[in-house]
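Everything below concerns the one structure shown next.
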Amino acid sequence: MSELQLRQSIIDHCRHMNAIGLNQGTSGNISLRHGDTMLITPSAIPYAEMTPDMIVAMPIGAEYGAWSGPKRPSVEWPFHLDIMRARPDVGAVVHTHATFSTILAIARKPIPACHYMIAAFGGSDVRVADYARYGTKALSENVLKAMEGRSACLMANHGMIATGSSLEKAMWAAVELETIAKQYYHALLIGGPVVLPQEEVAGVIKGFATYGHQDKPKGEAA
């Protein structure tokens, strides 16, 4: 994909996450790795008005906080950039204020293994990052800690973060996280979930590693 196509893809995904109710207004933000650069949504621009040239470019390994473009980067750029720097496996970051994820974040309730799909985030729970004000280095540090060994987290009194090797995978993860947050919330209303044991989650994680890979028919070369 060309850089122009990647910039448009960010806008398309921003509009999509609002259209499906995963986010509201301009509260969320998306970043995407492009070589040694991070492309990120600008600050306070309605997605309907956003154009590819407004997407901000920030160097990942060079001067911290440097950026280029006609608009300033999202105020949340520190945790986007720090995730990109610390996690070379991450190709995209999706941050939203999705309703049920945010409810749990407000209550500071991590999501346990109430459903086997918790394994999609790398472990037996989705943690809640400690609270710090939006856009601060402290928040970024809290997020990195909560995401150790994980691909997503909740942010206390704030929202959620989901990552992936591509923007499509990060958006899928964000939708999945909000789904399991909704399921957990409602399970709490009827007495609480039965949590799966660690060994079951470990088995699901192992299964996910080969999920979708089809065995070759007998006699066919691998």
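The values are calculated or read from the model by the stated rules, or taken from the named source; none is laboratory data. All figures in this text were calculated on a predicted structure; none of them were measured in a lab. We place every Cβ from the backbone using ideal geometry, glycine too, and count neighbours over all the protein chains shown. Keep in mind that these areas ignore ligands, DNA and RNA; they rest on the heavy atoms of the full protein, side chains included. Shrake-Rupley method; radii C 1.70, N 1.55, O 1.52, S 1.80 Å.
Kindly provide the set of residues from the stretch 66-91 that are open to solvent by 20 Å² or more (accessible area, probe 1.4 Å) and either closer than 21 Å to ILE45 by Cβ or aliphatic (A, V, I, L, M) (or both), ordered by number.
The first filter runs over the stretch 66-91 and keeps only residues open to solvent by 20 Å² or more (accessible area, probe 1.4 Å), leaving 66-72, 75, 77, 85-89.
Within the stretch 66-91, ALA66, TRP67, SER68, GLY69, PRO70, LYS71, ARG72, VAL75, TRP77, ALA86 qualify.
Regarding the stretch 22-34, can at least one residue be identified that is of a type in the set (A, V, I, L, M), surrounded by fewer than 22 Cβ atoms within 10 Å (Cβ to Cβ) and outside any loop (DSSP other than H, G, I, E, B)?
Looking through the stretch 22-34, none of the residues is of a type in the set (A, V, I, L, M), surrounded by fewer than 22 Cβ atoms within 10 Å (Cβ to Cβ) and outside any loop (DSSP other than H, G, I, E, B).
Quick check on my filter: what residues within the stretch 1-21 are in contact with a Pro (Cβ under 6 Å, 6 or more places away or on another chain) and basic (Lys, Arg)? Walk me through how you get there before you give the answer.
Going through the stretch 1-21, the residues in contact with a Pro (Cβ under 6 Å, 6 or more places away or on another chain) turn out to be 4, 7-8.
Passing the criteria: only ARG7.
Could you tell me how many of the residues in the stretch 35-44 are modelled with pLDDT of 95 or more, of a type in the set (A, V, I, L, M, F, W, C) and open to solvent by 10 Å² or more (accessible area, probe 1.4 Å)?
Total satisfying the criteria: 0.
Consider only pairs whose beta carbons are under 7 Å apart and that are at least six residues apart or on different chains; among these, list those whose first residue lies in the stretch 185-201 and is free of Cβ contacts under 8 Å to residues at least 12 places away in the same chain and under 12 Å from TYR116 (Cβ atoms) and whose second residue is of a type in the set (Ser, Thr, Tyr) and in a loop (DSSP other than H, G, I, E, B).
Close Cβ pairs satisfying both conditions: none exist.
Take VAL56 and tell me if it is open to solvent by less than 40 Å² (accessible area, probe 1.4 Å) and out of contact with any Cys (no Cβ under 7 Å at 6 or more places or on another chain). Before the answer, list the steps.
Working: open to solvent by less than 40 Å² (accessible area, probe 1.4 Å): yes; out of contact with any Cys (no Cβ under 7 Å at 6 or more places or on another chain): yes.
Yes, satisfied.
What are the residues in the stretch 17-49 that are over 15 Å from VAL93 (Cα atoms) and either of a type in the set (A, V, I, L, M) or touching a residue at least 60 places away in the same chain (Cβ under 8 Å) (or both), if any?
ALA19, ILE20, GLY21, GLN24, ALA44, ILE45, ALA48
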